[in-house]
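> Questions regarding the structure given below will be posed in turn.
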Amino acid sequence: MTPASADLSPQTAWMLAVRDGRDREAFAALFDHFAPRLKGFVMRSGTSGAQAEEIVQEVMLTVWRRAHLFDPHRAQVSAWIYQIARNRHIDVIRKERRPVPEELGEDPGTEPDASQIMALDQETGRLKQALERLNPDQRIMVEKAYLGEMTHHEISEQTGLPLGTIKSRIRLGLERLRHELKGMR
Amino acid sequence: MTAITHHTPDAMLAAYASGSLADPFALVVAAHVSLCPECRAALEAHQTLGGIVLETTRSEAPSAGLKSSVLARLDEPAPPEPHYRRSGVFPGPVMAALKGRPPRWKSLGLGVRQSMLSADRDGSVRLLYIPPGQAVPDHSHNGLELTLVLQGSFADETGQFGVGDLEVAGSDLEHMPTAGVGAPCICLAATDAPLRFKSFLPRMLQPLFRI
Ligand SMILES: [Zn+2]
């Protein structure tokens, strides 16, 4: 662990310990935090408790096996796990792999840049506040969209969906991210 | 490589992030994101919001044995996951759809070729090969059509599309894309409904070619 790790969120610190040190205690902590959320999340879309647990199990094992692809400068742990959960859930339902973009792993040996990770944390915190300030109907709409309960057409039609807010809230973070990505090509 | 100017619409990225985009379109979006840092960043923004929904949604306690059974499986060898890398002009997700093999082109006449990647009731997705300067016959579609340029370029009534550019055509667009001069144009194209060609191939042949 670097001295900067004191400034990281517990989830990010656990995830880095799993990624870089194959730390089982940190993995157990991630499990305690995310497994109940994942189970609730998966069950909300009508999946049975038993199948939800199967998916939770697959997601957490994927977190362990693909930890090397986690890049804290680009993703919050929750965002990274969200994406794994959506992929696994769909793979289980359709019994087929869904198309995914090429991976951009972090360069091995990159020291975590705490200031950049914290900036991403802060942007995410602001986004979370923006979500909390929505009226309940809008908020339910956003949740439905990201739970995969709305089609592309419904999302396009749903003018109440604060996609504009999302964009402007994380615009700065995104611009930085985009420059980083361009630098990697 | 010139800069990408035609991007994935935001609502489509949100639908892709949440897994609600049908596979033919999901493949095109995944391929575009593989080529476009800007849309990758925007997609990751949607995943960030998805992560917040995951963090704040109501929890359900896992059953007692779940944690120990996951911990016990950490040392299991991971099941082999086929991993497809970009090859030539084809991004990783397209190579995955091709299962690592080169496309099997079928002639459509006039030098135009296609290689069907998948076709079912969700729609179809295929690779198209259009010789330089050749027009793809005038067609309209019942639903949505996404076209991603992988090599060369094409132009139609709505603009100019180069490598990495994504055209989103709604059912209202009746267009006649024409490949640019230079390299042959290779595109990845997905539709959620059969195309309606006005000429070119007799309509009765369409089921045969699955277009
Ligand atoms: Zn783009």
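The values are calculated or read from the model by the stated rules, or taken from the named source; none is laboratory data. No experiment lies behind these values; they were computed from the predicted model shown. Please note: Cβ atoms are built from the backbone with ideal geometry, for glycine as well, and neighbour counts cover all protein chains shown. In case anyone asks, the SASA skips ligands and DNA or RNA and just uses the protein heavy atoms, side chains included. Shrake-Rupley method; radii C 1.70, N 1.55, O 1.52, S 1.80 Å.
> Please give every one of the aspartates and glutamates within straight-line cross-link reach of B:Lys99, meaning a C-alpha to C-alpha distance under 15 Å, and leave out same-chain neighbours fewer than 8 residues apart.
Within the straight-line limit of under 15 Å, B:Lys99 reaches these aspartates and glutamates: A:Glu96, A:Glu102, B:Glu81.
> Right, here's the next one. Quick one: if you take sqrt(5λ) for each eigenvalue of the C-alpha gyration tensor of chain B, what semi-axes come out, biggest first, whole angstrom?
36, 19, 18
> Another question, if that's okay. Which one of B:Thr56, B:Thr147, B:Thr158 has the biggest mean-square fluctuation once chain B is modelled by GNM with Cα springs under 10 Å?
B:Thr56
> Determine the per residue accessible area of segment B:34-146 with all protein chains present and a 1.4 angstrom probe, expressed in square angstrom.
46 Å²
> Please identify the cysteines of chain B that lack any partner cysteine with a Cβ under 4.7 Å from their own Cβ.
B:Cys185, B:Cys187
> May I ask you to give the percent of accessible area on segment A:1-112 that is carbon plus sulfur, with a probe radius of 1.4 Å?
Ligands and nucleic acids excluded, carbon and sulfur give 50 percent.
> Something else now. Using modelled amide H (1.01 Å from N, peptide plane; none on Pro or chain starts), what sits under 5 Å from the amide H of B:Met176, excluding residues fewer than 5 places away?
It is B:Glu157, by chain and number.
> Report the per residue volume, in Å³, of the convex hull enclosing the C-alpha atoms of segment A:1-112.
Value for segment A:1-112: 102 Å³ per residue.
> Still on this structure: Given a 1.4 Å probe, how much area per residue of segment A:1-112 is accessible, in Å²?
Value for segment A:1-112: 42 Å² per residue.
> Buried by at least 50 Å² relative to the chain on its own: which residues of segment B:55-75 qualify, computing accessible area with a 1.4 Å probe on protein heavy atoms?
The answer is B:Glu55, B:Thr56, B:Thr57, B:Glu60, B:Pro62, B:Leu66, B:Lys67, B:Val70, B:Arg73, B:Leu74 - residues whose exposure falls by at least 50 Å² when every protein chain is included.
> HN-Hα J couplings of segment A:51-61 from phi, Karplus 6.51/-1.76/1.60, θ = phi - 60°, integer Hz, Gly and Pro as x?
5, 4, 5, 4, 5, 4, 4, 4, 5, 5, 5
> Once a ≥ b ≥ c are taken as the square roots of the eigenvalues of the Cα gyration tensor of segment B:1-98, is the result rounded (a/c under 1.5), prolate (a/b larger than b/c) or oblate (a/b not larger than b/c)?
Since a/c reaches 1.5 but b/c is at least a/b, the shape of segment B:1-98 is classed as oblate.
> So if R0 is 35 Å, what FRET efficiency would A:Asp137 and B:Asp120 give, r being the distance between their Cβ atoms, rounded to the nearest 0.05?
Efficiency computed from Cβ-Cβ geometry: 0.50.
> Find the sum over both chains of the accessible area lost when A and B are paired, probe 1.4 Å, and report it in Å² to the nearest 100.
6000 Å²
> Once a ≥ b ≥ c are taken as the square roots of the eigenvalues of the Cα gyration tensor of segment A:1-63, is the result rounded (a/c under 1.5), prolate (a/b larger than b/c) or oblate (a/b not larger than b/c)? Don't skip to the end; give the middle numbers.
Details: a/c = 3.86, a/b = 2.36, b/c = 1.63.
Prolate.
> Given Cα pairs under 8 Å that are at least 6 residues apart, what percent is the relative contact order of segment A:1-112?
Taking the mean separation of contacting Cα pairs over the length of segment A:1-112, I get 24 percent.
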